[in-house]
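Each reported figure results from applying straightforward, stated rules to the coordinates on display, with no laboratory input. All figures in this text were calculated on a predicted structure; none of them were measured in a lab. As a convention, Cβ positions derive from the backbone with ideal geometry for all residues, glycine included, and neighbour counts pool all protein chains shown.
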Amino acid sequence: MISKKNVSLKNYTSFGINQKVKNFYLIKNIDDINKSLKSIPENQKRIILGGGSNILFTKDFQGSILYNNILGKKIIKENEKFVYVEFGAGENWDNIVDYCVNNEWYGIENLSLIPGSVGAAPIQNIGAYGTEIKHFIHEVKGVNLSNGRFEIFNKKSCNFSYRNSIFKSKLRNIFFITHVTIKLYRNKKLNFEYKEVNDFFKNKDLTKITLKELRNAIIKIRKSKLPSPKTLGNAGSFFKNPLLKSKEFHLLQKLYPEISSYKTSENHKISAAWLIEKCGWKGYKKNNVGVYKKHALVLVNHGCKSGKEIFKLSEKIKKSVKDKFNITLEREVNIY
Ligand code: EPU
């Protein structure tokens, strides 16, 4: 196991802010987890870090970071209909989407180009363009840091919901995900339900679109709206889309008939980007922080010295949405 002191997190988080951590452990296998547990004092705070694309440090972190760098890809089972592939949780998410598409395995292509690691995918049940990873999770394996035991979660016990799971709630920073097994279709099954995806292929025969063409379309759509963390520090959507009960939603819709929303089985999901844009934040830039000009849900780093600046902007945005719409936005990004 490799451990270092006072490490800058600039290259380990997609916001790219030069905040430091006191102790940094590079975890390449289960043995490294056990060794790090022995060396971290029991009462010291610890964070498990994957691709760092959903996290904001507002100050230097005085505890320990366990950086997940467990790699590997392995088919564990297959039949006529499905293939079950186990990935090391430290693998880059989009690399594995590319790998699955190249193998003609169907399911996760609409989740192309989401920044972050494989381990982070079930933690926050990543979702985009009409799908969520929960539909393709078979098992999540890892070590419970509170007792050092290896545990396996099947899909049901992950308690998935919109951008949430047991790993983000009850087991946050307690369960170290080492491997994720994904179940994919071997036969063609593509999802064009999301409006923007459907629009992209307008006038095309959808039955003729290939898996690779769909992946490329998703990449194009994402790139046209969302900034790459490589060129502009950000963590994707900073807030969740609020879920409103029917009554609340219809009251709001009366006032704003043009509101952007989507009906789910129990609620109405309304667009946080729309709410933020209506409050006048889209394209805002002041000092070192801003709101991306093409998407109001994305807060961007224009060179902050501390993540506190981004956090303060998010507080202002929350307040103005509350004042105008009486809706409390919930952050999607983890704040430390
Ligand atoms: N919209 C605005 N203003 C904007 C952007 C969007 O009014 O600046 C409205 C438009 O009406 C648009 C609607 O919001 O049609 C939906 O926008 P978009 O398709 O970009 O989706 P989103 O709801 O803003 C969610 C996810 C994204 C994911 C996209 C695509 C959340 C919090 N975000 O965003 O996920 O890529 O759908 O499926 O659910 C992420 O979680 O980090 C993330 C980027």
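Classify the stretch 1-81 as rounded, prolate or oblate from the Cα gyration tensor: take a ≥ b ≥ c as the square roots of its eigenvalues, call it rounded if a/c is under 1.5, otherwise prolate when a/b beats b/c and oblate if not.
It comes out oblate by the Cα gyration axes.
Can you grab the distance from the C-alpha centre of the stretch 24-90 to the C-alpha centre of the stretch 203-244, Å, no decimals?
Between the Cα centres of the stretch 24-90 and the stretch 203-244 lies a distance of 26 Å.
Per-residue ellipticity at 222 nm for the chain, helices alone: DSSP H runs ≥ 4 residues times -39500 (n - 2.57), over residue total, nearest 500 deg cm²/dmol?
Calculated at 222 nm, the ellipticity per residue is -7000 deg cm²/dmol.
Name the helices (complete DSSP H segments) of the chain with a Cα length along the long axis of 20 Å or more and a Kyte-Doolittle mean of at least -1.0, or state none.
211-225, 308-325
Under a point spin-label approximation (7 Å from Cα along Cα-to-Cβ), what is the THR210-ASN92 distance to one decimal in nm?
It works out to 2.3 nm between the two label points.
Return the percentage of antiparallel bridges among DSSP beta bridges fully within the stretch 1-143, rounded to the nearest 5 %.
60
For the chain, what is the charge dipole size about the Cα centre, in debye to the nearest 20, if Lys and Arg each add +1 at the Cβ and Asp and Glu each add -1 at the Cβ?
Dipole about the Cα centre, nearest 20: 880 debye.
Quick one: 3J(HN,Hα) in Hz for the stretch 112-125, Karplus 6.51/-1.76/1.60 with θ = phi - 60°, rounded, Gly and Pro as x.
Those phi angles translate into 4, 6, 5, x, x, 9, 4, x, 6, 4, x, 4, 10, 6 Hz.
Give me a comma-separated list of calculated 3J(HN,Hα) values for the stretch 198-209, in order, Karplus coefficients 6.51, -1.76, 1.60 applied at θ = phi - 60°, integers in Hz, x for any Gly or Pro.
Working through the residues one at a time gives 4, 4, 4, 9, 3, 6, 9, 7, 4, 5, 9, 6 Hz.
Under a plain spin-label model, where a point goes 7 Å from the Cα along Cα-to-Cβ, how far apart in nm are GLN62 and LYS77?
That separation, rounded to one decimal, is 4.8 nm.
Quick one: Debye curve from the C-alpha atoms of the chain, no solvent, what's log10 I(q)/I(0) at q = 0.08, 0.11, 0.12 Å⁻¹?
-0.40, -0.76, -0.91
Compute the Cα gyration tensor for the stretch 195-263, then decide on rounded, prolate or oblate, letting a ≥ b ≥ c be the square roots of its eigenvalues: rounded whenever a/c is under 1.5, prolate when a/b is larger than b/c in the other cases, and oblate in all that remain.
In terms of gyration-tensor shape, oblate.
Once R0 is set to 25 Å, what does the formula 1/(1 + (r/R0)^6) return for the Cβ-Cβ distance between LYS316 and LYS294, expressed as a FRET efficiency to the nearest 0.05?
Plugging the Cβ-Cβ distance into 1/(1 + (r/R0)^6) gives 0.75.
Please compute the modelled spin-label separation between ILE174 and LEU255, points set 7 Å along Cα→Cβ, answer in nm with one decimal.
3.9
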